[in-house]
Amino acid sequence: MTDRFTVGVFQDTAWAQRGLEALKRAGFTPDMLTIVSKETGDASALIQRVFGAGGGRIDLAGTGAVLAHGALVDALQGTAGDLPKLGIARTMQRVGFQSHDGRIFETLVGRGGVLVAIKSEPRAADALAILHSYGGGNAAIGAWTGRL
């Protein structure tokens, strides 16, 4: 495993937008970010604003149709491309999260939350602090080896 992510789930796109703006102000670039959200017009608009491109639609086991864009999606797909079949809960271990974290993330996204992930090992603590400060619930760092 080479990719480490900091992940949090915002209650809706408005909260996610504020958190993403704070991450951008702190120097986190779009190529470091991932968004996964239930398929809605608001989610589509958010992904378009952040990345300048639309998100891909994925039918996830345990969640249903989501829009997703970013490096975390590729990491969760794995070599078998089995993210749709396994869902978030069963693939988060690929990026260092415990199975219970995956179940929490999957449940929150299924309830309409917006998962935001940051790929930035050297600044994982900064990303975590921003997620917490702007309402990113259940924020955690996957298999992080640094110190807070």
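The values are calculated or read from the model by the stated rules, or taken from the named source; none is laboratory data. Quick caveat, the model's predicted, so the values are computed rather than measured. All Cβ positions, even for glycine, are placed from backbone atoms using ideal geometry, and neighbour counts span all protein chains on display.
Mind listing whichever residues of segment 84-132 are under 22 Å from Asp42 (Cβ atoms) and among the hydroxyl-bearing types (Ser, Thr, Tyr)?
Within segment 84-132, just Thr107 meets the criteria.
Please list, ordered by residue number, the helices (runs of 4 or more DSSP H) wholly in segment 30-148 having 2 or more residues that are farther than 17 Å from Gln17 by Cβ. Steps first, please.
Numbers: elements: 41-51, 71-77, 83-91, 99-110, 124-133.
Those helices (runs of 4 or more DSSP H) span 71-77, 83-91, 99-110, 124-133.
Of all the residues that make up segment 4-24, how many are surrounded by fewer than 17 Cβ atoms within 10 Å (Cβ to Cβ) and either under 18 Å from Phe97 (Cα atoms) or free of Cβ contacts under 8 Å to residues at least 60 places away in the same chain (or both)?
3
Pick out the one residue from Glu21, Glu39 that is of a type in the set (D, E, K, R) and touching a strand residue (DSSP E or B) at 6+ places or on another chain (Cβ under 6 Å). Reasoning before the result, please.
On the way: Glu21 fails: touching a strand residue (DSSP E or B) at 6+ places or on another chain (Cβ under 6 Å).
One residue alone meets the criteria, Glu39.
Name every residue in segment 90-117 that is over 12 Å from the mean Cα position of the chain (by Cα) and among the β-branched types (Val, Ile, Thr), in order of residue number.
Listed by number, the residues that qualify are Thr91, Ile104, Thr107.
Would segment 140-148 turn up any residue that is surrounded by fewer than 21 Cβ atoms within 10 Å (Cβ to Cβ), touching a Pro at 6+ places or on another chain (Cβ under 9 Å) and either among the acidic types (Asp, Glu) or modelled with pLDDT under 95 (or both)?
Yes - at least one qualifying residue is present in segment 140-148.
Among the candidates Val50, Val66, Val116, which residue alone is among the β-branched types (Val, Ile, Thr), at pLDDT 95 or above, surrounded by 16 or more Cβ atoms within 10 Å (Cβ to Cβ) and within 15 Å of Arg4 (Cα to Cα)? Break it down into steps so the answer makes sense when it comes.
Numbers: Val50 fails: within 15 Å of Arg4 (Cα to Cα); Val66 fails: within 15 Å of Arg4 (Cα to Cα).
After applying the criteria, what remains is Val116.
Those residues that are in contact with a Leu (Cβ under 8 Å, 6 or more places away or on another chain) and not aliphatic (A, V, I, L, M), I need them from segment 15-37; list them, please.
Correct list: Gln17, Gly19, Thr34, Ser37.
Tell me yes or no: at least one residue of segment 121-128 is in contact with a helix residue (DSSP H, G or I) (Cβ under 6 Å, 6 or more places away or on another chain), surrounded by 16 or more Cβ atoms within 10 Å (Cβ to Cβ) and more than 14 Å from Gly8 (Cβ to Cβ). Before the answer, list the steps.
Initial filter on segment 121-128 (in contact with a helix residue (DSSP H, G or I) (Cβ under 6 Å, 6 or more places away or on another chain)): none.
No, the conditions are met nowhere in segment 121-128.
If the Cβ limit is 8 Å and pairs must be 6+ apart or interchain, which residue in segment 52-76 that is touching a residue at least 40 places away in the same chain (Cβ under 8 Å) and farther than 13 Å from Glu106 by Cα pairs with which residue that is aromatic (Phe, Trp, Tyr) and buried (at least 23 other Cβ atoms within 10 Å of the Cβ)?
From residues that are touching a residue at least 40 places away in the same chain (Cβ under 8 Å) and farther than 13 Å from Glu106 by Cα, the pairs are Ala71/Phe5; Leu72/Phe5; Ala75/Phe5.
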